[in-house]
Amino acid sequence: MWSKILLAIIAISLLTIVQISFLGNFGVYLSSFNLVLAVLVILLFLVDLKGLIFFTLFSGFILDLYSSLPFGLFMISLFLTALVLEMFLFNLLTNRSFYSVISLGLLAVILFNIIFLAISSAIYLFGLSDFYFNFRSWPSWLYQLLNISIILTVIFFIVNAFSKKFKPNFIRS
């Protein structure tokens, strides 16, 4: 059991560090790859709610450590995004098809950005931080939508080739 937890901590740490240090240093297009959100969407289908909460809180914690924004902003944004996506998955998108994975990925990007902007704007409004978001970065939001579609397509077909988690189950009478 402890080896699984340690392996999960190492994998989450490597994923977030690759996103922060490697992808964050490129131009607008490549820096808009959000690997944490893509893995979050795939983990919705593969792990239970406790594993999903562990992933969101720990990856948000690491993102907050490397960010100059107020501490907890990424953690809260990822956590709320994961909860809303979990509700959408089990209440609206019950099948595990390619289209539900892509739609959850696009919804994840939109929700994460809205929650992130709402919390950071509230923090700025109350004078707790001097970070103010510039609304001229809407092309990066479009790049995020495009990039998460690309990432989830690749991950979906890789997981689909090696696992039966995304295979349809037919009810026989």
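The values are calculated or read from the model by the stated rules, or taken from the named source; none is laboratory data. Quick caveat: nothing in here was measured; it's all calculated off a predicted structure. When we count neighbours, we look across all protein chains shown, and the Cβ atoms used for this are built from the backbone with ideal geometry, even at glycine.
Report yes if some residue within the stretch 51-58 is at pLDDT 85 or above, within 10 Å of the chain's Cα centre (by Cα) and either in a helix (DSSP H, G or I) or crowded, with 18+ Cβ neighbours inside 10 Å (or both); otherwise report no. So far as the stretch 51-58 goes, yes, one or more of its residues are at pLDDT 85 or above, within 10 Å of the chain's Cα centre (by Cα) and either in a helix (DSSP H, G or I) or crowded, with 18+ Cβ neighbours inside 10 Å (or both).
For Ile114, the stated conditions do not hold, so it cannot be described as more than 22 Å from Ser68 (Cβ to Cβ), surrounded by 11 or more Cβ atoms within 10 Å (Cβ to Cβ), at pLDDT 85 or above and out of contact with any Leu (no Cβ under 6 Å at 6 or more places or on another chain). Selection of first residues in the stretch 110-133 that are closer than 16 Å to Gln144 by Cβ and assigned to a loop (DSSP other than H, G, I, E, B) and of second residues that are at pLDDT 85 or above and among the hydrophobic types (A, V, I, L, M, F, W, C), restricted to Cβ pairs under 6 Å at least 6 apart or on distinct chains, gives the following pairs, ordered by first then second residue: Phe133/Leu117. Looking across the stretch 59-86, the residues that are farther than 21 Å from Ser21 by Cα and either at pLDDT below 90 or in contact with a Ser or Thr (Cβ under 6 Å, 6 or more places away or on another chain) (or both) come down to Phe79, Ala82.
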